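Presented below is the structure to which this report refers.
The values are calculated or read from the model by the stated rules, or taken from the named source; none is laboratory data. In this text the structure is predicted, and so the values were computed from the model without any measurement. Cβ: placed from backbone, ideal geometry, glycine included. Neighbour counts: every protein chain shown.
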Amino acid sequence: MLLLPLSGVPEILERQNIIKAFLNNYEIIETYSYSKPDFHEIFVFLQDNSRLVKEKRSGLTLFFSGKQQQQVRSKIIQFVIIFNKIETCISQKSGIDSLPVSYRNEFAGLISFLSGLNLMHYDRLIRENKMQTYHAIELFQIIKDKQQHNEFELFYKRLFQFEAYISIAKGIYKNKFGFPSFTPDKIHFEEIFHPLLRDPVPNSVTFKKNVNLITGPNMSGKSTFLKSVCLSIYLGHLGFAVPASKAEFPFFEYFSIAVNQNDDIKNGYSHFMTEIIGLKNVLEQAAAHKKCFVVFDELFRSTNIDDAIQITLTTIKGLLKFKNSFFFVSTHLHQLKAFPEVTSDESGKYYIECSVRDNTPFFTYTLKEGWSEMKIGQLLFEKEGLNRLLDS
């Protein structure tokens, strides 16, 4: 589910509706729990003991030694306890009619499979201390029949998907994520934040220009803000909720995220060459009229400043032509402000606020419109005593 974005808005909205149905039943899914190690033990036991089923003329018969009978009885009791817990939670889940039809059938298949095991009957025998070895062998036979018809394989697939939706719903509820809507010509967030920060500073912003330049000194939070936007856009294209109280953005056909990029040692590319190839790929996709979402964090920082300024200006001017896409470029090149490619109203300009008091930088992590020319490198250099150490 995390590996690839969905193919279109209808598919995204369908998955949103599935997750919303789980959220509507949060009181039930919140208590969904069983021992994962015990489940794994049962899984391995059932896989390893398929050889215990042998065919005879009189029909399918089970042969167990005395030791095996005790083991089977113990494992089947374990199986009943765990799978009955699963069935109890699933069968309590109301609101099935609110599920999209595609998943409603999957969910009904889960219920049908579990009901076919008659788990309540065997659970009652266990609680009344009446579970005999022949009961265990009887249920083992039912299980093996279902395994031979590949019913368990389909059940596991449906169960693990069901549990994935539970995990997603719990994460959304706990972190107060909001479901995005899709609009063709803007990116809008209210109270967007990075979910891995303990005390994140939320930002609200609307991007209407296709090229947006982000400035601000080191440590101000440019990369973190861009990661928040990237994460939100990507999660939205998976059909998940996003770390914002409200979000609107287009459906994108192509993603390119260049944050914390390194050398490509495997292919023998330097950091700069990796940036060049990444930009080429983006331009080819945009030229093919694909709606692209692209982030360049500190573009061309790996080359000399004269080259960086010139090719950054060329890049910005070229990207402005692709009105169908959205490009975000963070930069430390303060000199760019003097050029018409940047000063024109065609591109958006934003900065992360920072101030200096008593030679100490204070970061608000708040995004504002405009351009930052603040430099704190020398200040931090001095504050850490490096001038003194180097002069001594």
Of the listed residues (LYS368, LYS349, LYS323), the one being over 16 Å from SER223 (Cα atoms) and assigned by TED's automatic domain parsing to the domain that holds VAL205 is LYS323
Tabulated pairs, the stretch 134-162, first assigned by TED's automatic domain parsing to the domain that holds SER112 and of a type in the set (Asp, Glu), second in a helix (DSSP H, G or I) and modelled with pLDDT of 90 or more, C-beta under 8 angstrom, 6+ apart or interchain: GLU151/PHE113
Looking at the stretch 138-162 only, could you name the residues that are over 25 Å from PRO10 (Cβ atoms) and either exposed (fewer than 15 other Cβ atoms within 10 Å of the Cβ) or charged (D, E, K, R) (or both)? GLU138, GLN141, ILE142, LYS144, ASP145, LYS146, GLN148, HIS149, ASN150, GLU151, GLU153, TYR156
For the stretch 163-184 the number of residues that are free of Cβ contacts under 8 Å to residues at least 24 places away in the same chain and aliphatic (A, V, I, L, M) is 0
Is there a residue in the stretch 224-235 that is crowded, with 22+ Cβ neighbours inside 10 Å, within 26 Å of ILE376 (Cα to Cα) and touching a Pro at 6+ places or on another chain (Cβ under 9 Å)? yes
Expected output for the stretch 306-317 (first residue surrounded by 17 or more Cβ atoms within 10 Å (Cβ to Cβ), partner assigned to a helix (DSSP H, G or I) and not aromatic (Phe, Trp, Tyr), Cβ below 6 Å, 6+ apart or cross-chain) is ILE309/GLN335; LEU313/GLU341; ILE316/GLU341; LYS317/GLU341
Would the stretch 369-379 turn up any residue that is acidic (Asp, Glu), surrounded by fewer than 16 Cβ atoms within 10 Å (Cβ to Cβ), modelled with pLDDT under 85 and not in a helix (DSSP H, G or I)? yes
Of the listed residues (GLU284, GLU298), the one being surrounded by 19 or more Cβ atoms within 10 Å (Cβ to Cβ) and of a type in the set (Asp, Glu) is GLU298
Note on the stretch 18-51: residues assigned to a helix (DSSP H, G or I), hydroxyl-bearing (Ser, Thr, Tyr) and over 23 Å from the mean Cα position of the chain (by Cα) are SER50
When you check GLU384 against the structure, is it of a type outside the set (S, T, N, Q) and either more than 34 Å from the chain's Cα centre (by Cα) or buried (at least 19 other Cβ atoms within 10 Å of the Cβ) (or both), yes or no? yes
Is the stretch 335-342 home to any residue that is of a type in the set (Phe, Trp, Tyr) and touching a residue at least 12 places away in the same chain (Cβ under 8 Å)? yes
Kindly indicate the residue of the stretch 240-275 that is modelled with pLDDT under 90 and of a type in the set (Val, Ile, Thr) and also nearest to PHE328 (Cα to Cα) among those meeting that condition. VAL259
Please tell me if LYS130 is over 23 Å from TYR32 (Cα atoms), in contact with a Gly (Cβ under 8 Å, 6 or more places away or on another chain) and either in the same structural domain as PHE45 (by TED's automatic domain parsing) or not β-branched (Val, Ile, Thr) (or both). no
Which listed residue is of a type in the set (Val, Ile, Thr), out of contact with any strand residue (DSSP E or B) (no Cβ under 7 Å at 6 or more places or on another chain) and buried (at least 20 other Cβ atoms within 10 Å of the Cβ), from ILE214, ILE187, ILE168, ILE192: ILE168
Only one of these conditions is not met by HIS188: (1) assigned to a loop (DSSP other than H, G, I, E, B); (2) modelled with pLDDT of 95 or more. Which number is it? (1)
Which one is surrounded by the fewest Cβ atoms within 10 Å (Cβ to Cβ), of the residues in the stretch 32-75 that are modelled with pLDDT under 85 and β-branched (Val, Ile, Thr)? THR61
